[in-house]
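K.L.:
Sharing a structure here in C-alpha coordinates format.
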Amino acid sequence: MRNDIGFVVIGRNEGSRLVDCLASIAAYTPRIVYVDSASTDQSVQHAQAQHVHVLELDMSIKFTAARARNAGFELLLQHYPDLSYVHFVDGDCMVDQAWVSHAADFLSHHAQVAVVCGRRRERYPQATPYNQLCDIEWNTPIGKAKACGGDAMMRVAVFKQVGGFNVNLIAGEEPELCIRIRQLGFDVWRLDHDMTLHDAAITEFSQWWKRTVRAGYAYAEGSRLHGAAPEHHWVNESRRAWVWGGILPALWLIALLACPLVFIALTGLFIVQYFRLLSKHKHLGNFSSVYVKYLMLGKVAEMYGQLRYTWHRLLNVKSTLIEYK
(Lines give C-alpha, C1' and ligand atoms only; values in the text may rest on other atoms or scores of the structure.)
Protein backbone atom coordinates (compact mmCIF):
# COMPACT_ATOMS: atom_id res chain seq x y z
CA MET A 1 0.00 0.00 0.00
CA ARG A 2 1.23 3.50 -0.89
CA ASN A 3 -0.14 6.54 0.94
CA ASP A 4 1.61 9.08 -1.28
CA ILE A 5 -0.21 8.05 -4.48
CA GLY A 6 -3.81 8.66 -5.48
CA PHE A 7 -5.74 7.57 -8.56
CA VAL A 8 -8.24 9.37 -10.75
CA VAL A 9 -10.28 7.05 -12.95
CA ILE A 10 -12.70 8.40 -15.56
CA GLY A 11 -15.31 6.48 -17.49
CA ARG A 12 -18.74 6.09 -18.98
CA ASN A 13 -20.61 2.81 -19.33
CA GLU A 14 -17.49 0.74 -18.80
CA GLY A 15 -19.34 -2.01 -16.88
CA SER A 16 -17.16 -4.99 -16.03
CA ARG A 17 -14.10 -3.22 -17.41
CA LEU A 18 -14.45 -0.61 -14.68
CA VAL A 19 -14.72 -3.35 -12.06
CA ASP A 20 -11.46 -4.85 -13.32
CA CYS A 21 -9.84 -1.41 -13.45
CA LEU A 22 -10.68 -0.51 -9.85
CA ALA A 23 -9.74 -3.96 -8.58
CA SER A 24 -6.32 -3.67 -10.22
CA ILE A 25 -5.72 -0.36 -8.41
CA ALA A 26 -7.07 -1.33 -5.00
CA ALA A 27 -4.00 -3.49 -4.31
CA TYR A 28 -1.88 -0.33 -4.28
CA THR A 29 -4.01 2.23 -2.49
CA PRO A 30 -7.57 2.99 -1.34
CA ARG A 31 -7.06 6.59 -2.42
CA ILE A 32 -9.18 6.43 -5.55
CA VAL A 33 -11.69 8.78 -7.17
CA TYR A 34 -13.92 7.58 -9.96
CA VAL A 35 -15.44 10.28 -12.18
CA ASP A 36 -18.54 9.18 -14.06
CA SER A 37 -19.95 11.01 -17.07
CA ALA A 38 -23.63 10.01 -17.20
CA SER A 39 -23.30 6.24 -17.37
CA THR A 40 -26.55 4.39 -18.02
CA ASP A 41 -25.21 1.03 -16.87
CA GLN A 42 -24.16 0.06 -13.35
CA SER A 43 -20.78 1.84 -13.42
CA VAL A 44 -21.56 4.14 -10.49
CA GLN A 45 -22.89 1.25 -8.41
CA HIS A 46 -19.86 -0.87 -9.28
CA ALA A 47 -17.54 1.91 -8.09
CA GLN A 48 -19.50 2.47 -4.90
CA ALA A 49 -19.39 -1.25 -4.15
CA GLN A 50 -15.60 -1.08 -4.27
CA HIS A 51 -15.64 1.79 -1.74
CA VAL A 52 -14.02 4.42 -3.91
CA HIS A 53 -15.02 8.07 -3.98
CA VAL A 54 -17.48 8.68 -6.82
CA LEU A 55 -18.06 11.97 -8.59
CA GLU A 56 -20.94 12.19 -11.05
CA LEU A 57 -20.31 15.07 -13.42
CA ASP A 58 -22.93 17.67 -14.19
CA MET A 59 -23.47 16.95 -17.87
CA SER A 60 -25.30 20.23 -18.46
CA ILE A 61 -21.78 21.67 -18.59
CA LYS A 62 -19.69 20.84 -21.66
CA PHE A 63 -18.03 17.49 -21.12
CA THR A 64 -14.43 16.69 -21.96
CA ALA A 65 -12.10 14.04 -20.58
CA ALA A 66 -9.87 16.92 -19.46
CA ARG A 67 -12.68 18.37 -17.36
CA ALA A 68 -13.38 14.95 -15.84
CA ARG A 69 -9.74 14.43 -14.87
CA ASN A 70 -9.42 17.90 -13.36
CA ALA A 71 -12.59 17.43 -11.33
CA GLY A 72 -11.38 14.05 -10.11
CA PHE A 73 -8.04 15.53 -9.13
CA GLU A 74 -9.71 18.29 -7.11
CA LEU A 75 -11.87 15.79 -5.23
CA LEU A 76 -8.89 13.52 -4.64
CA LEU A 77 -6.94 16.34 -2.99
CA GLN A 78 -9.93 17.30 -0.88
CA HIS A 79 -9.84 13.84 0.68
CA TYR A 80 -6.06 13.32 0.57
CA PRO A 81 -4.23 16.68 0.57
CA ASP A 82 -0.86 15.09 1.37
CA LEU A 83 -0.44 13.21 -1.93
CA SER A 84 2.85 13.43 -3.79
CA TYR A 85 1.74 11.69 -6.99
CA VAL A 86 -1.50 11.33 -8.92
CA HIS A 87 -2.07 8.57 -11.43
CA PHE A 88 -4.68 9.11 -14.13
CA VAL A 89 -6.27 6.00 -15.61
CA ASP A 90 -9.07 5.45 -18.11
CA GLY A 91 -11.85 3.21 -16.85
CA ASP A 92 -11.35 0.68 -19.64
CA CYS A 93 -7.81 -0.11 -18.44
CA MET A 94 -6.29 -2.52 -15.92
CA VAL A 95 -3.12 -1.43 -14.10
CA ASP A 96 -0.15 -3.77 -14.16
CA GLN A 97 0.64 -5.24 -10.72
CA ALA A 98 4.24 -4.02 -10.59
CA TRP A 99 3.84 -0.74 -12.43
CA VAL A 100 2.81 1.69 -9.68
CA SER A 101 5.75 1.04 -7.38
CA HIS A 102 8.12 1.08 -10.35
CA ALA A 103 6.80 4.44 -11.56
CA ALA A 104 6.77 6.04 -8.11
CA ASP A 105 10.31 4.88 -7.41
CA PHE A 106 11.45 6.37 -10.71
CA LEU A 107 9.88 9.74 -9.86
CA SER A 108 11.36 9.72 -6.37
CA HIS A 109 14.86 9.23 -7.81
CA HIS A 110 14.48 11.68 -10.73
CA ALA A 111 13.45 15.10 -9.47
CA GLN A 112 13.53 16.56 -12.98
CA VAL A 113 10.83 14.17 -14.22
CA ALA A 114 7.23 15.29 -13.61
CA VAL A 115 5.34 12.74 -15.71
CA VAL A 116 6.05 9.06 -16.15
CA CYS A 117 4.24 6.50 -18.25
CA GLY A 118 4.89 2.96 -19.43
CA ARG A 119 3.65 0.52 -22.04
CA ARG A 120 -0.07 0.52 -22.62
CA ARG A 121 -1.17 -2.68 -24.34
CA GLU A 122 -4.43 -3.81 -25.79
CA ARG A 123 -6.20 -6.47 -23.76
CA TYR A 124 -7.57 -8.22 -26.86
CA PRO A 125 -5.32 -7.13 -29.74
CA GLN A 126 -6.30 -10.02 -32.01
CA ALA A 127 -10.05 -9.53 -31.57
CA THR A 128 -10.32 -6.96 -34.39
CA PRO A 129 -7.84 -5.21 -36.69
CA TYR A 130 -8.86 -1.94 -35.01
CA ASN A 131 -7.73 -3.21 -31.62
CA GLN A 132 -4.44 -4.26 -33.14
CA LEU A 133 -4.03 -0.81 -34.68
CA CYS A 134 -4.46 0.66 -31.20
CA ASP A 135 -1.89 -1.73 -29.75
CA ILE A 136 0.65 -0.55 -32.33
CA GLU A 137 -0.26 3.09 -31.66
CA TRP A 138 0.51 2.72 -27.94
CA ASN A 139 4.04 1.45 -28.65
CA THR A 140 5.92 4.75 -28.54
CA PRO A 141 9.70 5.12 -27.98
CA ILE A 142 11.25 4.53 -24.55
CA GLY A 143 13.04 7.32 -22.69
CA LYS A 144 12.52 11.06 -22.58
CA ALA A 145 9.26 11.84 -24.38
CA LYS A 146 7.27 14.83 -25.50
CA ALA A 147 3.98 13.53 -24.18
CA CYS A 148 2.08 10.82 -22.37
CA GLY A 149 -1.36 9.33 -22.96
CA GLY A 150 -4.42 9.08 -20.76
CA ASP A 151 -2.66 6.73 -18.34
CA ALA A 152 0.24 8.35 -16.52
CA MET A 153 1.64 9.20 -13.08
CA MET A 154 2.36 12.87 -12.37
CA ARG A 155 3.77 14.98 -9.58
CA VAL A 156 0.88 16.64 -7.77
CA ALA A 157 2.78 19.89 -7.21
CA VAL A 158 3.65 20.27 -10.90
CA PHE A 159 0.14 19.35 -12.07
CA LYS A 160 -1.24 22.07 -9.78
CA GLN A 161 1.39 24.54 -10.93
CA VAL A 162 0.37 24.30 -14.60
CA GLY A 163 -3.34 24.41 -13.79
CA GLY A 164 -4.19 20.88 -14.88
CA PHE A 165 -5.63 19.84 -18.21
CA ASN A 166 -7.09 22.30 -20.71
CA VAL A 167 -10.81 21.62 -20.25
CA ASN A 168 -11.70 23.10 -23.65
CA LEU A 169 -9.89 20.40 -25.64
CA ILE A 170 -12.07 17.52 -26.84
CA ALA A 171 -8.97 15.41 -27.56
CA GLY A 172 -5.20 15.64 -27.30
CA GLU A 173 -5.35 17.14 -23.81
CA GLU A 174 -2.49 14.99 -22.50
CA PRO A 175 0.18 16.13 -25.02
CA GLU A 176 -0.95 19.73 -24.54
CA LEU A 177 -0.53 19.41 -20.77
CA CYS A 178 2.92 17.89 -21.26
CA ILE A 179 3.99 20.86 -23.37
CA ARG A 180 3.20 23.24 -20.52
CA ILE A 181 4.95 20.95 -18.04
CA ARG A 182 8.07 20.80 -20.21
CA GLN A 183 7.98 24.58 -20.60
CA LEU A 184 8.45 24.76 -16.82
CA GLY A 185 11.68 22.80 -17.21
CA PHE A 186 10.43 19.34 -16.24
CA ASP A 187 10.70 16.14 -18.25
CA VAL A 188 8.22 13.52 -19.41
CA TRP A 189 9.55 9.97 -19.40
CA ARG A 190 8.34 6.67 -20.80
CA LEU A 191 9.65 3.57 -19.07
CA ASP A 192 10.22 0.15 -20.59
CA HIS A 193 7.64 -1.45 -18.32
CA ASP A 194 4.08 -2.66 -18.80
CA MET A 195 1.67 -0.11 -17.36
CA THR A 196 -1.92 -0.84 -18.34
CA LEU A 197 -4.07 -3.22 -20.35
CA HIS A 198 -6.56 -1.26 -22.43
CA ASP A 199 -9.78 -2.56 -23.96
CA ALA A 200 -10.49 -0.44 -27.03
CA ALA A 201 -13.53 -2.56 -27.91
CA ILE A 202 -13.57 -1.21 -31.47
CA THR A 203 -15.51 -3.73 -33.50
CA GLU A 204 -16.80 -1.64 -36.42
CA PHE A 205 -15.23 0.50 -39.12
CA SER A 206 -17.41 3.46 -38.13
CA GLN A 207 -15.87 3.46 -34.65
CA TRP A 208 -12.36 3.48 -36.06
CA TRP A 209 -13.33 6.27 -38.48
CA LYS A 210 -14.75 8.51 -35.70
CA ARG A 211 -11.69 7.92 -33.55
CA THR A 212 -9.41 8.90 -36.43
CA VAL A 213 -11.51 11.98 -37.22
CA ARG A 214 -11.07 12.97 -33.58
CA ALA A 215 -7.30 12.63 -33.99
CA GLY A 216 -7.38 14.97 -36.98
CA TYR A 217 -9.42 17.47 -34.99
CA ALA A 218 -6.88 17.28 -32.17
CA TYR A 219 -3.98 17.79 -34.62
CA ALA A 220 -5.62 20.97 -35.94
CA GLU A 221 -6.35 22.40 -32.51
CA GLY A 222 -2.98 21.39 -31.09
CA SER A 223 -1.05 22.96 -33.96
CA ARG A 224 -2.99 26.19 -33.49
CA LEU A 225 -2.15 26.33 -29.79
CA HIS A 226 1.49 25.23 -29.89
CA GLY A 227 2.47 25.02 -33.55
CA ALA A 228 5.05 27.78 -33.34
CA ALA A 229 8.74 27.13 -32.64
CA PRO A 230 10.20 25.45 -30.75
CA GLU A 231 7.35 22.96 -30.25
CA HIS A 232 5.87 22.75 -33.76
CA HIS A 233 3.21 20.67 -32.02
CA TRP A 234 1.37 18.44 -34.48
CA VAL A 235 2.27 20.68 -37.42
CA ASN A 236 3.65 17.81 -39.50
CA GLU A 237 0.68 15.59 -38.64
CA SER A 238 -1.69 18.32 -39.79
CA ARG A 239 0.23 18.91 -43.00
CA ARG A 240 0.25 15.20 -43.84
CA ALA A 241 -3.51 15.09 -43.34
CA TRP A 242 -4.02 18.02 -45.70
CA VAL A 243 -1.69 16.64 -48.36
CA TRP A 244 -2.40 12.90 -48.30
CA GLY A 245 -5.97 13.06 -47.05
CA GLY A 246 -7.22 16.16 -48.83
CA ILE A 247 -5.24 17.82 -51.61
CA LEU A 248 -3.89 14.75 -53.44
CA PRO A 249 -7.13 12.71 -53.29
CA ALA A 250 -9.08 15.77 -54.53
CA LEU A 251 -6.67 16.24 -57.44
CA TRP A 252 -6.86 12.50 -58.16
CA LEU A 253 -10.67 12.64 -58.45
CA ILE A 254 -10.55 15.75 -60.63
CA ALA A 255 -7.91 14.20 -62.90
CA LEU A 256 -10.03 11.06 -63.22
CA LEU A 257 -12.59 13.16 -65.09
CA ALA A 258 -10.41 15.80 -66.72
CA CYS A 259 -6.82 14.65 -67.21
CA PRO A 260 -5.97 10.95 -67.62
CA LEU A 261 -2.19 11.52 -67.56
CA VAL A 262 -2.34 13.35 -64.23
CA PHE A 263 -4.67 10.64 -62.92
CA ILE A 264 -2.14 7.95 -63.85
CA ALA A 265 0.71 9.95 -62.29
CA LEU A 266 -1.16 10.44 -59.02
CA THR A 267 -2.18 6.79 -58.94
CA GLY A 268 1.49 5.90 -59.29
CA LEU A 269 2.33 8.30 -56.45
CA PHE A 270 -0.16 6.58 -54.13
CA ILE A 271 1.26 3.18 -55.08
CA VAL A 272 4.81 4.36 -54.35
CA GLN A 273 3.66 5.75 -51.00
CA TYR A 274 2.00 2.44 -50.15
CA PHE A 275 5.15 0.43 -50.78
CA ARG A 276 7.33 3.01 -49.04
CA LEU A 277 5.19 2.71 -45.90
CA LEU A 278 5.07 -1.07 -46.28
CA SER A 279 8.87 -1.20 -46.21
CA LYS A 280 8.99 1.13 -43.21
CA HIS A 281 6.59 -1.04 -41.21
CA LYS A 282 7.70 -4.48 -42.38
CA HIS A 283 8.52 -5.34 -38.76
CA LEU A 284 4.76 -5.80 -38.26
CA GLY A 285 4.92 -8.98 -40.30
CA ASN A 286 1.67 -10.23 -41.80
CA PHE A 287 -0.22 -7.27 -40.37
CA SER A 288 1.96 -4.69 -42.12
CA SER A 289 -0.20 -4.45 -45.26
CA VAL A 290 -3.37 -4.02 -43.20
CA TYR A 291 -1.68 -1.40 -41.05
CA VAL A 292 -0.49 0.61 -44.06
CA LYS A 293 -3.92 0.54 -45.72
CA TYR A 294 -5.54 1.96 -42.60
CA LEU A 295 -2.69 4.42 -42.19
CA MET A 296 -3.32 5.82 -45.67
CA LEU A 297 -7.11 5.79 -45.37
CA GLY A 298 -6.78 7.38 -41.96
CA LYS A 299 -5.35 10.51 -43.57
CA VAL A 300 -8.76 11.12 -45.17
CA ALA A 301 -10.46 10.80 -41.79
CA GLU A 302 -7.86 13.10 -40.23
CA MET A 303 -8.46 15.59 -43.02
CA TYR A 304 -12.17 15.56 -42.22
CA GLY A 305 -11.27 16.27 -38.59
CA GLN A 306 -9.11 19.18 -39.72
CA LEU A 307 -11.96 20.61 -41.78
CA ARG A 308 -14.38 20.13 -38.91
CA TYR A 309 -12.13 22.06 -36.56
CA THR A 310 -11.59 24.83 -39.15
CA TRP A 311 -15.33 25.13 -39.74
CA HIS A 312 -16.07 25.34 -36.02
CA ARG A 313 -13.39 28.00 -35.57
CA LEU A 314 -14.59 30.12 -38.48
CA LEU A 315 -18.19 30.05 -37.25
CA ASN A 316 -17.16 30.32 -33.59
CA VAL A 317 -19.01 27.09 -32.84
CA LYS A 318 -18.20 25.30 -29.61
CA SER A 319 -16.68 21.91 -30.24
CA THR A 320 -18.46 18.80 -29.00
CA LEU A 321 -16.98 15.44 -28.05
CA ILE A 322 -16.35 13.04 -30.92
CA GLU A 323 -17.22 9.67 -29.37
CA TYR A 324 -16.50 6.32 -30.96
CA LYS A 325 -17.97 4.00 -28.32
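The values are calculated or read from the model by the stated rules, or taken from the named source; none is laboratory data. Since we're looking at a predicted model, the values are computed, not measured. Here Cβ is always computed from backbone atoms with ideal geometry, including for glycine, and neighbour counts include all displayed protein chains.
K.L.:
Among Thr140, Thr128, which is the only one that is under 18 Å from the mean Cα position of the chain (by Cα) and touching a residue at least 24 places away in the same chain (Cβ under 8 Å)?
P.N.:
Thr140
K.L.:
Looking at segment 176-201, which of its residues are hydrophobic (A, V, I, L, M, F, W, C), assigned to a loop (DSSP other than H, G, I, E, B) and modelled with pLDDT of 95 or more?
P.N.:
Those that are hydrophobic (A, V, I, L, M, F, W, C), assigned to a loop (DSSP other than H, G, I, E, B) and modelled with pLDDT of 95 or more: Leu184, Phe186.
K.L.:
For His233, all conditions in the list (1) buried (at least 19 other Cβ atoms within 10 Å of the Cβ); (2) part of a helix (DSSP H, G or I); (3) touching a residue at least 40 places away in the same chain (Cβ under 8 Å) hold save one; what is the number of the exception?
P.N.:
The number of the failed condition is (2).
Listed here are the residues, each with its yes/no results for (1) within 26 Å of Tyr217 (Cα to Cα); (2) out of contact with any Gly (no Cβ under 9 Å at 6 or more places or on another chain); (3) not basic (Lys, Arg).
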residue	(1), (2), (3)
Arg31	no, no, no
Ala68	yes, no, yes
Cys93	yes, no, yes
Ala98	no, yes, yes
Leu107	no, yes, yes
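K.L.:
A follow-up question, please. Would you mind finding the one in Ala255, Ala228 that is aliphatic (A, V, I, L, M) and surrounded by 17 or more Cβ atoms within 10 Å (Cβ to Cβ)?
P.N.:
Result of the check over Ala255, Ala228: Ala255.
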